[in-house]
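The structure appears right after this line, and notes come after that.
The values are calculated or read from the model by the stated rules, or taken from the named source; none is laboratory data. Worth saying up front: this structure is predicted, and the values here are computed from it rather than measured. Reconstructed Cβ throughout: ideal geometry from the backbone, glycine too, with neighbour counts over all protein chains shown.
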Amino acid sequence: MKFTHLLFDLDGTLLDTVTDLANAINYTRNTFKLSPLPESLVATYVGDGIQKLIERSFKDAPQLSLKEAQEIAGKHYNTHLFDNTKPYPGVIATLRLLPQKKAIITNKPARFLPTLLKKTGLLPFFDVYVGGDTLPNLKPDPRIAYYTMEMMGAKPETTLVIGDHHTDMMLAENAGLKSVFCDYGIGKDGGTLPTFRISFFNDLINIV
């Protein structure tokens, strides 16, 4: 076994959450009498935390209170977490085959995680999960990886980061870890140089 500890991103890596996130954004935009954004555009705004998602989604309405928009979107999302969200194909079956200790590191607020992981069937597979407000800093700050690894008893040389966004690849690079970029996800690598790339989640078996 090459790697003993696996650090996973959530949105775009384990779960396809784009439709529910876009619906929350467009519900909020409708509240402010703004036209809806294409789901494909909202997808490009995901990955850097809820504040950045709101800023990007309402950059055409600088007069609005972003704090109010975030509160409205957060409440809507919290009550519609599972309307369309589901694990990507092969995620559950593959996680069952991976004996490594596993953690989730996401920029999504931590309050969404317990229910989201339980309802989607992911919770039993993970020893640790860290949200975007668990610590004062977000990915790609390496202190998030160090914090998670310390809780897991992980060593850098046998720890692997798996994600679909350039922040995940930068997190790995900043923390001195190897990485896997998920080409099937919603993010972009941003010119980073992941150690490995996969087109389907179950390809991970051939790496770890």
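Which condition from (1) hydrophobic (A, V, I, L, M, F, W, C); (2) under 17 Å from the mean Cα position of the chain (by Cα); (3) surrounded by 22 or more Cβ atoms within 10 Å (Cβ to Cβ) is the one that residue 177 breaks?
The failed condition is (2).
Quick one: would you say residue 19 is among the hydroxyl-bearing types (Ser, Thr, Tyr), closer than 23 Å to residue 114 by Cα and in contact with a helix residue (DSSP H, G or I) (Cβ under 9 Å, 6 or more places away or on another chain)?
yes
For the stretch 114-133, give me each residue that is at pLDDT below 95, in a loop (DSSP other than H, G, I, E, B) and out of contact with any Ser or Thr (no Cβ under 9 Å at 6 or more places or on another chain).
Hits for the stretch 114-133 are 127, 133.
In the stretch 154-208, how many residues are in a helix (DSSP H, G or I), aliphatic (A, V, I, L, M) and either out of contact with any strand residue (DSSP E or B) (no Cβ under 7 Å at 6 or more places or on another chain) or at pLDDT below 95 (or both)?
Adding up the residues that qualify gives 3.
What are the residues in the stretch 4-32 that are among the β-branched types (Val, Ile, Thr), in a helix (DSSP H, G or I) and surrounded by 23 or more Cβ atoms within 10 Å (Cβ to Cβ), if any?
Keep residues of the stretch 4-32 that are among the β-branched types (Val, Ile, Thr), which gives 4, 13, 17-19, 25, 28, 31.
Now restrict to residues that are in a helix (DSSP H, G or I): 18-19, 25, 28, 31.
Passing the criteria: 25, 28.
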